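Data block below; observations after.
The values are calculated or read from the model by the stated rules, or taken from the named source; none is laboratory data. What you are looking at is a predicted structure, and each value in this text was computed from that prediction instead of being measured. Using ideal geometry, Cβ is built from the backbone for each residue, glycine included, and neighbour counts are taken over all protein chains shown.
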Amino acid sequence: MITGAARRVGCAIALELARAGCDIVVHYRHSSEQADQICEQIKNMGRRCITLQAELSDSSTWESLISETMQQLGRLDILVNNASTFLTNSPGTIQSFDVQQWEQMYRVNLLSAAALAHYAEPFLKANGIGKIINLCDIGSKRPWPKHLSYCVSKGALDTLTLGLAKAMAPIVQVNGVAPGIAEFPVEFSMETRSKLIDKVPLARAGTPDEVAKLVRYLIEHGDYITGQIIPIDGGRSLH
Ligand SMILES: NC(=O)c1ccc[n+]([C@@H]2O[C@H](COP(=O)([O-])OP(=O)(O)OC[C@H]3O[C@@H](n4cnc5c(N)ncnc54)[C@H](OP(=O)(O)O)[C@@H]3O)[C@@H](O)[C@H]2O)c1
């Protein structure tokens, strides 16, 4: 199961894991058309695929996402917590502190990941090969004041990743993948994009496919890796 898998990075992960031989649950919130398209694409690759809709800030959806998966596909070996709220237009600064916005960040970026891990745990353990990958962010270690609520939620997701790795060992491996720039938010101007790229030693943005390949690597070859959060940022976190 990949959350937020209809578009952008989540979609690249879903396709990459389907290429690796996985059956896929495409979770989405609003992007139903894109979810259906990617599901068709995955079925054409010979894999089973279902789409499940859920608003992840709504705690009543968490358990049913897992139970629906089990009902329809009969097993769950991999959970990729990819869905996330990043508000470009109403930044989470401390000056504009908005308790509802902070709560929303926490519910989607942190609590849903914890809850899905909780409800998935027995099924991840059932076949002895469970993996959880959380989509983190290098911004958790170098928080941007303009997006403080987002960065703090990702910092908590880092801690969740380490804690889950201990709590679910030895059967389930839990790791994080922390992009720098994987795909710019559409709202970012060319000027903002080039300013951000100037800070990247490898002098370019990354791509969703590069993130997806790292996720695939951790799933296929990560049996002795747990509790790690791997930056994929062109060296941005060296500064
Ligand atoms: N893009 C980057 O450069 C970058 C950099 C660092 C870290 N990351 C992390 O990598 C992951 C993927 O990045 P991205 O840019 O592809 O993410 P994104 O486009 O911001 O969001 C991915 C999906 O999350 C779903 N989502 C958002 N709010 C939701 C909610 N309340 N309930 C349920 N689903 C919700 C949306 O689904 P619908 O479209 O169906 O509504 C959206 O398509 C995220 O965790 C992000 O924090 C990305």
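Some values worked out for this structure:
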quantity: Sole exception among (1) farther than 19 Å from R8 by Cα; (2) acidic (D, E); (3) at pLDDT below 95 for E220, by number; calculated: (3)
quantity: Top-ranked residue in the stretch 80-98 [being among the aliphatic types (A, V, I, L, M) and assigned to a loop (DSSP other than H, G, I, E, B); ranked as nearest to the chain's Cα centre (by Cα)]; calculated: A83
quantity: Residue list for the stretch 50-66, filter: of a type in the set (S, T, Y), surrounded by 13 or more Cβ atoms within 10 Å (Cβ to Cβ) and over 15 Å from H30 (Cα atoms); calculated: S64
quantity: Enumeration of residues in the stretch 169-195 that are closer than 30 Å to A114 by Cβ, outside any loop (DSSP other than H, G, I, E, B) and of a type in the set (A, V, I, L, M); calculated: V174, V177, A178
quantity: Considering residues of the stretch 152-210 that are closer than 21 Å to L110 by Cα and of a type in the set (K, R) only, the residue nearest to the chain's Cα centre (by Cα); calculated: K154
quantity: Criterion (closer than 21 Å to F86 by Cα, touching a residue at least 24 places away in the same chain (Cβ under 8 Å), in contact with a strand residue (DSSP E or B) (Cβ under 7 Å, 6 or more places away or on another chain) and not in a loop (DSSP other than H, G, I, E, B)) met by exactly one of A6, A35; calculated: A35
quantity: Condition met for C11 (surrounded by 18 or more Cβ atoms within 10 Å (Cβ to Cβ), free of Cβ contacts under 8 Å to residues at least 24 places away in the same chain and either within 8 Å of the ligand (Cβ to nearest atom) or not charged (D, E, K, R) (or both)); calculated: no
quantity: Members of the stretch 95-123 found to be touching a residue at least 12 places away in the same chain (Cβ under 8 Å) and of a type in the set (V, I, T), listed by number; calculated: V108
